[in-house]
Amino acid sequence: MSSVAIVTGASSGIGAATSRRLAAEGFHVLAAARRSDRLAGLVAEIEAAGGRATAVACDVTSDESVAALAEAAGAAPGPVTLLVNNAGGARGLDPVESGSVEDWQWMYDVNVLGTLRVTQALLPALEASGAGTIVVVSSTAGLGVYEGGGGYTAAKHAQTAIAGTLRLELNGRPVRVIEIDPGMVRTEEFSLVRFDGDAERAAAVYAGVPEPLVAEDVADCVAWCATRPHHVNVDRLVVRPLAQAAQHKVHRVGQ
């Protein structure tokens, strides 16, 4: 009987890469996201590679949808031992004085309340397994701030606070809490979503950076942390590309 891993935001980017990697590590993956068509393709890809996965349509901003995810977890073919809270995203790069309240609300709902909903719903199953792990994929934006990033950094700081608080509250119970904070990661959608589909503006984020992180790099970090012996808790793993020394310090070739 395989251990079950649940990955939110699994339809693209880090979530999809993490689902593939965890399946390769032997987990039965419940791949959760809003876009069922993409999940179907991901599951087919995992199964073709010899892994096991199940698609679960889930919107982390909906109580009902998250309850359905918990129900699917209860019917999964094995104990739920791993939850990867990966669903999230950024919108806009406006200063605080002109930032869109709607964008800020969306970022808080997805990054923060989404993590809260899913964690609350799956915690009983994780604890019942006797060896549960919660991974919170936050960001280096949760460790510092930058101009134009007020809404995103506020949301990621809150997500980081959830991870730290939860670790304290679960002390003595068989569930570890791991926070992974990636820096610059080039995926197919993150910057496109942030800039409302403006491909030129999205590409400029990575201009001159020879090797930003890619989704598979973060998936590798998730898999490494999650497969340590259960008494080993990696509290926080910060991962950036070599070219990025800090949020504000990025080496760009030719610039």
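Some notes on this structure:
- Residues of region 196-208 satisfying the condition of being under 23 Å from the mean Cα position of the chain (by Cα) and surrounded by 13 or more Cβ atoms within 10 Å (Cβ to Cβ): A202, A203, V205, Y206
- Tally, over region 209-218, of residues that are within 20 Å of the chain's Cα centre (by Cα) and not in a helix (DSSP H, G or I): 3
- Figure legend. Inter-residue proximity from region 114-139: first residues touching a residue at least 40 places away in the same chain (Cβ under 8 Å), second residues acidic (D, E) and open to solvent by 10 Å² or more (accessible area, probe 1.4 Å), beta-carbon distance below 8 Å, spacing 6+ or different chains. Indicated pairs: R117/D63.
Results for (1) outside any loop (DSSP other than H, G, I, E, B); (2) among the charged types (D, E, K, R); (3) within 11 Å of M107 (Cβ to Cβ), shown as yes or no for each residue.
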residue: L122; (1), (2), (3): yes, no, no
residue: L126; (1), (2), (3): yes, no, no
residue: I134; (1), (2), (3): yes, no, no
residue: G144; (1), (2), (3): no, no, no
residue: G151; (1), (2), (3): yes, no, yes
residue: Q159; (1), (2), (3): yes, no, yes
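- Selection within region 171-195: residues that are free of Cβ contacts under 8 Å to residues at least 12 places away in the same chain and part of a loop (DSSP other than H, G, I, E, B). The member of this set that is surrounded by the fewest Cβ atoms within 10 Å (Cβ to Cβ) is G172.
- Filter pass, A16 being assigned to a strand (DSSP E or B) and crowded, with 24+ Cβ neighbours inside 10 Å: no
- Of the residues examined, G41 is not one that is of a type outside the set (V, I, T), open to solvent by 30 Å² or more (accessible area, probe 1.4 Å), farther than 21 Å from R194 by Cα and part of a loop (DSSP other than H, G, I, E, B).
- All positions within region 83-98 that are open to solvent by less than 30 Å² (accessible area, probe 1.4 Å) and at pLDDT 95 or above: L83, V84, N85, N86, A87
- Boolean, D59 is surrounded by fewer than 24 Cβ atoms within 10 Å (Cβ to Cβ) and in a loop (DSSP other than H, G, I, E, B): yes
- Residue match in region 63-82 (condition: touching an Asp or Glu at 6+ places or on another chain (Cβ under 7 Å), open to solvent by 50 Å² or more (accessible area, probe 1.4 Å), touching a residue at least 12 places away in the same chain (Cβ under 8 Å) and more than 19 Å from T160 (Cβ to Cβ)): no
The values are calculated or read from the model by the stated rules, or taken from the named source; none is laboratory data. It should be emphasised that the depicted structure is a prediction, and the values quoted were computed from it without experimental measurement. FYI the Cβ positions are ideal-geometry reconstructions off the backbone, even for glycines, and counts take in every protein chain you see. The accessibility values were calculated without ligands, DNA or RNA, using every heavy atom of the protein model including side chains. Shrake-Rupley method; radii C 1.70, N 1.55, O 1.52, S 1.80 Å.
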